[in-house]
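Report on one structure; see the data block that follows.
Laboratory data are not the source of any read-out in this text; all were calculated from the coordinates shown. Keep in mind that this is a model prediction, so the values were computed, not measured. Glycine also receives a Cβ, built like all others from the backbone with ideal geometry; neighbour counts cover every protein chain displayed.
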Amino acid sequence: MVSLVLDAPVRPARTDTRPVVRAPRPLPLPHPPESMIGTPYYDDEFEMAQSIAHMHTIYYVGSLLNRVAKAADLRVVSDNPVWYWLPEAGRQRALYPDYALTANPRVDRLTADELVLALEVVSTTQPPKEAKDTVLMRERNAAHGVREFVLIYPEPDDPRSVVWHGYDEWTGRYQVAPLPTDGRYRSVAVPGLELEVLPPEEWTLGRKVRVWFRGQELRDGEAEAHRREAAEAQAAQERTRAEQERAEKEVALAEKEQEQARAARLAERLRALGIDPETV
């Protein structure tokens, strides 16, 4: 295969010559024990629990990304505290990303600038909460230089699916990646990770994407169990059908042999009476 080498794109001159301002690096302080107590994926600010679709999505996608993290030697934080610097407050505060990956093994004192990828499952029932998940978390992760920020819209009747953001160090902001023609977003921060957007007709509760890693589709245990059950059921049906066909052939053969036996007995009787069976 011939590789086509293209020159790096030439960026236009910046009209704003001010340097990109990154948020101050949060201090990696140990998170207090009480920060780990509470209802999973519950937003205290909005007093709002996750939707059923949100729950299914985070557990499904998270279970697959956990396997990616293990293979890539990364650590997982999911609804765990991460230190962010909040410019509007002038201080650092622990926020709880739905899902994030980091190379830092000390997740008990993790800071946002140590994340390589952050993911939010968007809650859409309240506009302010949706804005927090999308706009606010996007800006906060960009301010800390998190390389990739991913949004997943979990509701099956929502026409939106995935928005993939890549961090642009030149602008200090995220650029939205267009959906590739094959439907697979490819991670730069986690080489080998791909998130495939399913066709809308295949969307079900919590299932709008497939996860691939190093060319292999990752499947969760529940889906694998369903596939095994379906395969076993199909094999059982095929065995039953084959047994029925064999039984039908045996019955047909037995009926044919019985008919031949009756014909032979009748021929013998006719010959005993001096009648040629062929003339009857």
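Summary table below
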read-out	value
Helix 221-272 axis, angle to the chain major axis (alpha carbon atoms, nearest 10°)	10
Neighbour-limited loop hits for GluC sites (Glu not before Pro), segment 169-198 (at most 12 other Cβ within 10 Å; DSSP other than H, G, I, E, B)	GLU169
Residues whose placed amide H lies under 5 Å from that of VAL116, excluding near-sequence neighbours	LEU101, THR102, ALA103
Radius 14 Å from Cβ of GLU201, net charge of other residues (Lys, Arg +1; Asp, Glu -1)	0
Protection-proxy order for peptides 155-166, 259-270, each taking the mean of Cβ atoms within 10 Å per residue, highest first	155-166, 259-270
Proximal charge balance of MET36 [Cβ under 13 Å; K/R count +1, D/E count -1]	-2
Degrees between helix 52-71 axis and first principal axis of the chain (Cα, 0 to 90, nearest 10)	80
Neighbour net charge for TYR153 - beta-carbon separation under 11 angstrom, K R +1, D E -1	-4
For segment 36-218: rounded, prolate or oblate by the Cα gyration tensor [a/c cutoff 1.5]	rounded
Calculated from backbone phi, Karplus (6.51, -1.76, 1.60) coupling profile of segment 139-152 in Hz, x at Gly/Pro	5, 5, 6, 5, 4, 9, x, 5, 5, 9, 10, 10, 10, 10
Helical contribution to [θ] at 222 nm, DSSP H n ≥ 4, -39,500 (n - 2.57), averaged over the chain, rounded to 500	-10500 deg cm²/dmol
